[in-house]
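Right, one structure below, let's go through it.
The numbers here are math on the coordinates, done by the rules we state, and not lab data. Everything numeric here is computed off the predicted structure, so don't read it as measured data. Positions of Cβ are generated from backbone atoms using ideal geometry, with glycine treated the same way; all protein chains shown enter the neighbour counts.
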Amino acid sequence: MELPIRGIDEYSISCIIVILPGRYRTFLMLLLLISAMATAQEQAERVFRTDSLRAVSLLNQGIEQFNRQNPDSAIWFFDSSLEIAIHNDYPLIEAENYYYEAKIMDLLSEWKLKLKYYLKSASIFAEYEKTGREAEIYLIIGKDYFESAVYGKAFEYAIMEYDLYPDDQRESLTQAALTAALSAYLGHQYRNSVKWYEISDSISHIACDTTAMIESLYGLVGTYMEVGSVEKSRDYLTELLILQQNTNNYDGVAHVYNSLGLLDFELANYNRAINNYQRAVDYFNLAGTGAVTAYSNIAICYQNRGDSELAEQYFEEALEEAKRTNNLTERARLEHIIAVLKFRIGDLYHADYYCFASIESAKASGNLEILKDGYFTYSEIQESGNDFVKALDYYEKYLTLRDSLLLEQRLEEQESERIRSEMDSYEQQLRLSLADEQMKDLALRNLRIENEKKENDLRLMESEKELERSERVRITQSAALEKEKYTTTLKEREIRDLEQEREIQRLEIIRKENEEKNLLRKNQLLESQARQQELEIEKEQEARKRARTMAISLCVIVILILISFISARNKNRILTAQKVEIEQKNLDIEEKNLAITDSIEYASRIQNAVLPLPGFISEWGVESFIMFRPKDIVSGDFYWGFKNENRLYFAAADCTGHGVPGAFMSMLGIAYLNEIVNTKTIRDAAQILNLLREEVIVSLRQRGVAGETQDGMDMALCIYDTDSNLLHYAGANNPLYLVRDGQLERIGADKMPIGIHITSDKPFTNYEISPRDGDIIYLFSDGYADQFGGEYGKKFKYKAFRELLLSVNSRSMDEQKAIIEEEFDKWMGDIEQVDDVLIIGIKFKFQA
């Protein structure tokens, strides 16, 4: 029968130890020590399992309450589980609790706490290489930043998410790359946008993910269009077209043809644009999705070509399509466009009809921008019809809605900027706070581990003491048994007296050893007390030493303060002298600057004296205006004119640089132009540019060698023969715009300057134009189109410049100049003017 170990008392164990032989007693004592240690470890593991199971159970109950939409109950369970996890150092359970508490904060719209808990969770998952969960959290945070228009942070988190995915998770890699690309695009980081769209395109090709390929290619097309790389956009659109055709996606094919038409429209290739838009119409009809946009684009192309009838026809087609598909926004927009077209040709009846219809459609669609434009146009129509009361009423509606929209837009922008700034700064503060918390948590964990080590040492010491007590009991009981055995054997075996005496002596020796041990313990106790007293004495001495040190330090500080005070006073004397010297130098610099400014202003008076009067063309009987705005006091742009019998000469030029260098070039150009027309027999405008180029090259000693300055000028020059009604034009890099019947035509210039160039031996091209009644020509430098400004600080660009000229061509030349200058000031805002600006407008009018 087996004897159960559990439940045996100390006395029984001692008896068993006593009756065993010596070598077995040692073995049994060793077994008991190991058993005690194992029992302690088993008990610790049982506590660990119990606490971890309880923490997981509370976490699961919290998740269940969260799924039932009970956030308050869920928070209680998560907090309880989190408390156990932190106390017992269960980091992954802690991370899961933070993760779900972040989700609850999302439901409660507490974005600060949500971000805090997500970052805490992600930090723990990163430490334990749980990359999948970490990537999931970065995806959620990045999405929040993207929806709040904080595109820079959204881009950062998308890249962090991308870096966590393994190579075989291609779908996740593609989506992360697409998010990074779109965030970079919306944040105007076009180089990063191209890079990440190309990465997503590469991965989607490997994974044969057609949807991702299409999205990547559309992103590349849009980004390259934004930076003005038309050919790159066309290449990707061609690839996209093949992909859409292979998948029989008619709607996708239609959108590609529509985009190709837009590229051709930007290049003013209206015939090819119309062809692509017509293909888009065919595929939109096949897809059954409606071709409103394509019809509208075709109409705009015909309008730019000057074919008003076809433009109106296709606008009507687009309007019918919008009505058929119940697209109220497009319907309102198209009705407004048709109303404007009718109003321009004087058809007030139909203009009134379509404009009022546009207002009603805009109200139904809720598009306040179109409604605002409708109010303005309707006011103009009523004013032309002499209904001034209604005109005033709708103009007041226009002003009210315009101011309301501007205010709303400004408030939204301010709120968005506030949110973006707050989110960015809060995350930085939060990351610093979390780093501090992690350092504190690490210190607490180290302290907890140290305490646990001490507790284990204490348990081991208690086990050793228990064994010592058992040994003492064993010795005592052994002595009693030996004594009893000795008494019994004395009566029975007298022959063993000697052995009994020896046993008594042995026991006496043991007793003396015990007395010696007790004496040794007392001595150790006395030594400990003496050491304690020595420590107290050392502490008092250390305190006195610290007091002396503090006194000495205080004296040193006082001395240093006195030295600093004396040094500061000396420095103040030196600084005062230096200040006087600097002020004197500033006065000298101001005098020199004043002298330089006076010289430049005098140069400006000389340049203005050389330039013709601003109204010189109007004095010749031709309606015109000149907008001339130098960037500095003197200008590198200049205008020039000369009249010889029935021939009128005029030009707009842009010299290399601006300010004083440009002014020298401009005066050189004016002098040579005057000399050429006065001493040479002139056939056409190109001849003047050829002769002027020769003079400039000779004067500047240009030979075309490496390292030589490339000074020169760009110019648009015209000669108008009033008898034959023939206009000669030649251009060096600067084109001429001709506005006729509401359409703008660009007359190209030769791509070479007036100066040394690789094509200096090539003659300039002469163009001949027969002006019609109402024709307007514009000569200009690049200063207006290159001016930075607007909401995003971008260039004005030539497309907007052409649209501005088209919008004002029906007005008088003085009004045109006023509007063009007003638009320039509005666009520039607080930004500095970047270059000289020159625009010459000339209108041809012939009396019947």
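Under the Karplus relation 6.51 cos²θ - 1.76 cosθ + 1.60, θ = phi - 60°, what is the ordered set of whole-Hz ³J(HN,Hα) values for region 663-679, x standing for Gly and Pro?
Going residue by residue, I get 5, 4, 5, 5, 5, 5, x, 5, 4, 5, 4, 4, 5, 5, 6, 8, 10 Hz, with x marking Gly and Pro.
Report, by chain and number, residues whose modeled amide H sits under 5 Å from the one on LYS794, excluding near sequence neighbours (fewer than 5 apart, same chain).
Here GLY789 satisfy the definition.
Amide H to amide H, which residues 5 or more places from THR765 or on other chains are under 5 Å from it, using H placed in the peptide plane?
Excluding prolines and chain starts, which carry no amide H, the hits are GLY731, ASP750.
Quick one: length gained pulling ASN269 to ASP786 fully straight, 0.36 nm per residue minus the C-alpha distance?
183.8 nm
So if R0 is 22 Å, what FRET efficiency would GLU369 and SER810 give, r being the distance between their Cβ atoms, rounded to the nearest 0.05?
The formula returns an efficiency of 0.40 here.
What's the ranking of 172-184, 335-347, 756-768 by average number of surrounding C-beta atoms within 10 Å, highest first? Don't skip to the end; give the middle numbers.
Numbers: 172-184: 24.7, 335-347: 18.8, 756-768: 14.5.
Highest mean packing first, the order is 172-184, 335-347, 756-768.
Does a label point 7 Å from the Cα of HIS188, set along Cα-to-beta-carbon, have any residues of region 785-817 with amide nitrogen under 14 Å, and which are they?
Answer for region 785-817: 788-797.
Which whole-Hz couplings ³J(HN,Hα) result when phi for each residue of region 142-153 is put into the Karplus expression 6.51 cos²θ - 1.76 cosθ + 1.60, θ = phi - 60°, listed in order with x for Gly and Pro?
x, 5, 4, 5, 5, 5, 8, 6, 8, 6, x, 5
Would you mind checking which residues have amide H under 5 Å from GLU745's amide H? H placed 1.01 Å from N; only 5 or more apart, or other chain.
Amide H to amide H, under 5 Å and 5 or more residues apart or across chains, GLU745 pairs with LEU738, VAL739, ARG740.
If you take the square roots of the eigenvalues of the alpha-carbon gyration tensor of region 266-322 and sort them as a ≥ b ≥ c, do you get rounded (a/c under 1.5), prolate (a/b over b/c) or oblate?
Working: a/c = 2.77, a/b = 1.37, b/c = 2.03.
Oblate, because a/c is 1.5 or more while a/b does not exceed b/c.
For the pair GLU583/ASP168, report the inter-label distance in nm, with labels modelled 7 Å from Cα in the Cβ direction.
Calculated label separation equals 8.0 nm.
Could you pull out the pairs from LYS762/LYS826; LYS153/LYS232; LYS631/LYS799; LYS799/LYS845; LYS143/LYS826 whose alpha carbons sit more than 31 Å apart here?
Values: LYS762/LYS826 42 Å; LYS153/LYS232 28 Å; LYS631/LYS799 23 Å; LYS799/LYS845 27 Å; LYS143/LYS826 36 Å.
Result: LYS762/LYS826; LYS143/LYS826 exceed 31 Å.
Would you mind calculating the gained length between LEU613 and GLU110 on full extension (0.36 nm times residue separation, minus the Cα-Cα distance), in nm to one decimal?
174.3 nm
Any idea how far apart ILE510 and LEU411 come out in nm if each label point goes 7 Å out from Cα toward Cβ?
9.9
Say R0 is 51 Å: what FRET efficiency, to the nearest 0.05, do ASN248 and LEU392 get from their beta-carbon distance?
Given R0 = 51 Å and the Cβ-Cβ separation, E is 0.35.
What FRET efficiency do you get for ASN570 and ARG418 if R0 is 51 Å and r is their Cβ-Cβ distance, rounded to the nearest 0.05?
The value I calculate is 0.55.
Each residue of region 305-319 in order: what ³J(HN,Hα) in whole Hz does its phi give by Karplus 6.51 cos²θ - 1.76 cosθ + 1.60, θ = phi - 60°, with x for Gly and Pro?
7, x, 9, 5, 5, 5, 4, 5, 4, 6, 5, 5, 4, 5, 5
Quick check on packing: order 85-93, 352-360 by the mean number of other C-beta atoms within 10 Å, highest mean leading.
Averaged packing, sorted descending, gives the order 352-360, 85-93.
How far apart, in nm, are the 7 Å Cα→Cβ label points at ILE819 and LEU399?
Simple spin-label model gives 2.1 nm for this pair.
May I ask you to compute the full-extension gain from GLU198 to LYS545, defined as 0.36 nm times their residue separation minus their alpha-carbon distance, rounded to one decimal in nm?
117.7 nm
Which order do peptides 716-724, 104-112 fall in by mean Cβ count within 10 Å, highest first?
Working: 716-724: 19.4, 104-112: 14.8.
Top to bottom by mean Cβ count within 10 Å: 716-724, 104-112.
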